[in-house]
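Below: one structure, written as structure tokens.
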């Protein structure tokens, strides 16, 4: 139950974020600054990346997955950290040397505008799914905190994300990311300490899960605390595939590349990404512990209904939450001092707003620069799409449209696992862009445009088909295999005939 101290903490936290966003937004004078930022130092780069990489999926979604599966929920933030590490060590320098504004510009320079347009359309599928996950996270939280209908919560979530991004683009994400970084760590350290003390350490948390399995309705693994202690509880191929989806998706996402481009120099870009790689796992560990603690001491509304249907009662002292998605906010409200809980809830709102705004900015940037322009070139008289509208205005209007659509989609998939949407989203971005982008950056003299388009399409189709058919292992593997196989076709074809040559014996 929200108290006055909770509301004061939430208001102060969100107000601090908006002040940081408005202050940064004063530096935005044109489209280039709005998209790529200015000459940022390492911590601003870290804030820009962390502000969008650690969102509702990394906090609310991780706690939800830990509530249901235990330690394996940590893979989400471990994969995000691995992606930041790859960005720092492997991709930061060539991305900055490319002198481009978007990743798809790099692909277009190598393979042509057709590959750019195809990549843009396919890439947006993954980004949109992630935006939906952020709206789903925040709307579930707002509905639980404020007691408002889910429809109004979804609209409010989309409006807050739009407000955040519209004032400052990547600059506000960077400054807001630093504020969020401090708030998240205060909240996570406090929550982690409380979890450890209340749960009686690691063994105590596992014991409570085992005890709860005795009264829960039949649920595979619910009575086996060892299952919750396994890092690969959902299967090694699935959990490691999810980790790879995060890592490779980070490398191929425009939002995180914008953070790299915003740095004053390549060393600062690398240091900023490395800071993210070091900081992210701690947040995931704290949220995982929260979800596991809640599993041993709370039941969902659906479980309570199942108990009543079986003629049984919920044991005394066991709490009730509406769904597993409320594990994180319920812990913060019920087990942390109200003033600190208010800051934590505010930080969580900041968290989701920052991540959603960064993703919406990246998607809008691709639509305006890589899709509208290319489609406009195909119209009669080659008139630009959007007429004479300034490009910055086009980006902001596109963000509004994307968030409205995401709110509608979040209402349609209300019962989905938030992190599963995240795994799918990042994986789709990886299979569409990883191999074409890597070849364009590291082997620019190799590759053909028609194979790049086919590779992007085949990878995306294979991953979606594997997901739909629920094939063994993670769908990412099928997508990557299809993408690589198609893109490597030119290497297996004989070299084109270039005129008569001297016989081998005369050479």
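When 279, 274, 333, 289 are checked against the criterion of being surrounded by fewer than 24 Cβ atoms within 10 Å (Cβ to Cβ) and farther than 28 Å from residue 406 by Cβ, 274 stands alone in meeting it. Got at least one residue in segment 436-457 being in contact with a helix residue (DSSP H, G or I) (Cβ under 8 Å, 6 or more places away or on another chain) and closer than 20 Å to residue 242 by Cβ? No: segment 436-457 contains no residue that is in contact with a helix residue (DSSP H, G or I) (Cβ under 8 Å, 6 or more places away or on another chain) and closer than 20 Å to residue 242 by Cβ.
The numbered conditions (1) in contact (Cβ under 8 Å) with a residue 60 or more places away in the chain; (2) not in a helix (DSSP H, G or I) are all true for residue 59 except (2).
Residue-wise test of (1) farther than 18 Å from residue 50 by Cβ; (2) at pLDDT below 90.
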site: 274; (1), (2): no, no
site: 293; (1), (2): yes, no
site: 302; (1), (2): yes, yes
site: 326; (1), (2): yes, yes
site: 334; (1), (2): yes, yes
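For residue 206, are the conditions met, namely being at pLDDT 90 or above, within 29 Å of residue 305 (Cβ to Cβ), in contact with a helix residue (DSSP H, G or I) (Cβ under 8 Å, 6 or more places away or on another chain) and surrounded by fewer than 24 Cβ atoms within 10 Å (Cβ to Cβ)? Yes; evaluated as a whole, the condition is true for this residue. Count, please, the residues in segment 414-460 that happen to be over 30 Å from residue 155 (Cα atoms) and assigned to a loop (DSSP other than H, G, I, E, B). Looking only at that region, the number is 6. Just a yes or no: is a residue in segment 22-33 at pLDDT 80 or above, farther than 17 Å from residue 422 by Cβ, surrounded by fewer than 24 Cβ atoms within 10 Å (Cβ to Cβ) and touching a helix residue (DSSP H, G or I) at 6+ places or on another chain (Cβ under 6 Å)? No: zero hits.
Once segment 242-267 is narrowed to residues that are modelled with pLDDT of 85 or more and surrounded by fewer than 21 Cβ atoms within 10 Å (Cβ to Cβ), the residue that is farthest from residue 307 (Cα to Cα) is 265.
The set of residues from segment 300-313 being more than 36 Å from the chain's Cα centre (by Cα) and touching a residue at least 12 places away in the same chain (Cβ under 8 Å) comprises 310, 312. Taken residue by residue, segment 140-152 has no member that is under 15 Å from residue 405 (Cβ atoms) and crowded, with 24+ Cβ neighbours inside 10 Å. Taken over segment 458-486, the criterion of being at pLDDT 90 or above, surrounded by fewer than 19 Cβ atoms within 10 Å (Cβ to Cβ), within 19 Å of residue 240 (Cα to Cα) and over 21 Å from the mean Cα position of the chain (by Cα) is satisfied by 481 alone. Every condition in (1) under 23 Å from residue 244 (Cα atoms); (2) free of Cβ contacts under 8 Å to residues at least 40 places away in the same chain is met by residue 70 except one, and the failing one is (2). Give me the residue from segment 1-21 that is under 25 Å from the mean Cα position of the chain (by Cα) and modelled with pLDDT of 70 or more and, out of that set, surrounded by the fewest Cβ atoms within 10 Å (Cβ to Cβ). Ranking the qualifying residues of segment 1-21, first place goes to 15.
Of the candidates 491, 495, 502, the single residue that is at pLDDT below 50, surrounded by fewer than 15 Cβ atoms within 10 Å (Cβ to Cβ) and within 20 Å of residue 439 (Cα to Cα) is 495. In a residue-by-residue description of segment 374-394, the property of being assigned to a helix (DSSP H, G or I), at pLDDT 75 or above, in contact with a helix residue (DSSP H, G or I) (Cβ under 6 Å, 6 or more places away or on another chain) and surrounded by fewer than 23 Cβ atoms within 10 Å (Cβ to Cβ) applies to at least one position.
The values are calculated or read from the model by the stated rules, or taken from the named source; none is laboratory data. Given the structure is predicted, the values throughout are model-derived calculations rather than measurements. No Cβ is skipped: glycine too gets one built from the backbone with ideal geometry, and neighbour counts run over all protein chains shown.
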